Every structure is written in C-alpha cells, then in structure tokens.
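Here the structure comes first, spelled out in structure tokens, and everything after it is commentary.
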Amino acid sequence: MSSREVSFFGLSVKTIVVHTLTYFLVGLIASTVFNYAELFTQTQLSSFMRPVEEPIVALGPALQFIRGILFATAFYPLREILFGRKNGWLFIWLLLVTLGILSTFGPSPGSVEGVIYTTLPIAEQFSGGFLEVLTQSFLLSAVLFYWVNNPDKRWLNWLLWILYALVLFMSVAGYFFLLGGS
C-alpha cells in the first residue's frame, strides 16, 4: 500500500476502532485474570486507581477514541515506515512499547520513571498491568497494520465495526447502570 493512500482521517478511524477493541478485550481478560477489583482496593494501587465499579471506569472504553486520535497523529507522519513495509507492525509495537510504556514522562508503573520514583514494589510494577499493556499494544499494532494494508477485506471491516459498536454500547450502558446504582 502506498503511504499516499493512507489518509489521516482513515488512519484515525481505524486506529480508534482497533485501539478501543484491543483495549476492551485485553483489559477485560486482565481484569478477570489478575482480579483488578480486589487489587485496586486492597493494595498500594488503591491510592491512585479507581475501583472497577465506578461509573467512569465503565465508560473508559467509549472514551478511547481520544487515545486513538493521538496514536493516529503520531503514526501518520511515519505511515511510510509503519504501513509501507513488510514488518511495519513491529515498528508500531516498538514505538508503543519504548515511548508509551517504558519511557513515559511521568512515573507510571512499569516504566523507567515508575521504577525510580514510585514506592510500588518492582515485582508489582512488572506483573499483571505490564503484561496487559504489552499484550494490548502488540494486538493494536498487528491488527491495525493488517487492516490498513488490507482495506479490501470486507469481512474484516464488518467484523471490526460490529465489535466496536458492541463495545461502545456495553461501555455506555455500563456507565448508566452504575450511575443509577450509586
């Protein structure tokens, strides 16, 4: 695919959809496997993580369009390198891991700054949450690369849009359900 064929709007929409889906799927699995409901209320994480039953947490997936646009803004000037090469998905993942996970400007758990400046034990920093963001960024990179380079796959377009609509519906419905229960 020629980098000229990748418009900013098209890349933004696809990035929003894929990021939201991978964010929701991996987050749901990680939340269950690592028991975030308990972890976020009974460990050091409780000082800065909201309990999972707060309404805004349920709305989180529906708000991921913001990050999707930000990612697309970073990817677009690099589209020739990221989407015009055979292993471009690997470059996308490398960028996300190095800049978005390991080298954050703030002291996020699992980042260089987090290890230096937070009081969270290193084992806790590189456990469930770290595994979650590595997996999500990997899936985002691979699926986005495939979709951008295969726009003619109608089944993929339908599947991703249907799943995206379901995630948005569940997120908004969960927000209002929890808001009503508060």
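Rounded, prolate or oblate: which one fits the chain, using the alpha carbon gyration tensor with axes a ≥ b ≥ c (rounded when a/c is under 1.5, else prolate when a/b beats b/c, else oblate)? It is oblate, given that a/c is not under 1.5 and a/b is not larger than b/c. The C-alpha atoms of the chain define a longest principal axis, and helix 65-75 lies at about 50 degrees to it. Once the Cα-Cα distance is subtracted from the 0.36 nm per residue extended length, the LEU63 to ASN157 segment shows a gain of 31.7 nm.
Sorting 170-178, 117-125 by average packing, meaning the other beta carbons within 10 Å per residue, from highest down gives 170-178, 117-125. Just want the answer: with Cβ charges of +1 for Lys and Arg and -1 for Asp and Glu, which residue in GLY129, GLY27, TYR76 is farthest toward the dipole's positive end in the range 3-181? Highest projection toward the positive end goes to TYR76.
Mean sequence separation of contacting Cα pairs (under 8 Å, at least six apart), scaled by the length of the chain, corresponds to a relative contact order of 34 percent.
Cα gyration tensor of the range 62-156, axes a ≥ b ≥ c as square roots of the eigenvalues: rounded (a/c below 1.5), prolate (a/b > b/c) or oblate? Prolate.
Can you give me the angle between helix 154-181 and the longest principal axis of the chain, using Cα atoms only, in degrees from 0 to 90, rounded to the nearest 10? Between the helix axis and the principal axis of the chain, the angle is about 30 degrees.
A short reminder: the numbers here are calculations on the coordinates, not readings from a lab. Everything quoted here is computed from the prediction, not taken from an experiment. For neighbour counting, all protein chains shown are included, and Cβ atoms are generated from backbone atoms with ideal geometry for every residue, glycine included.
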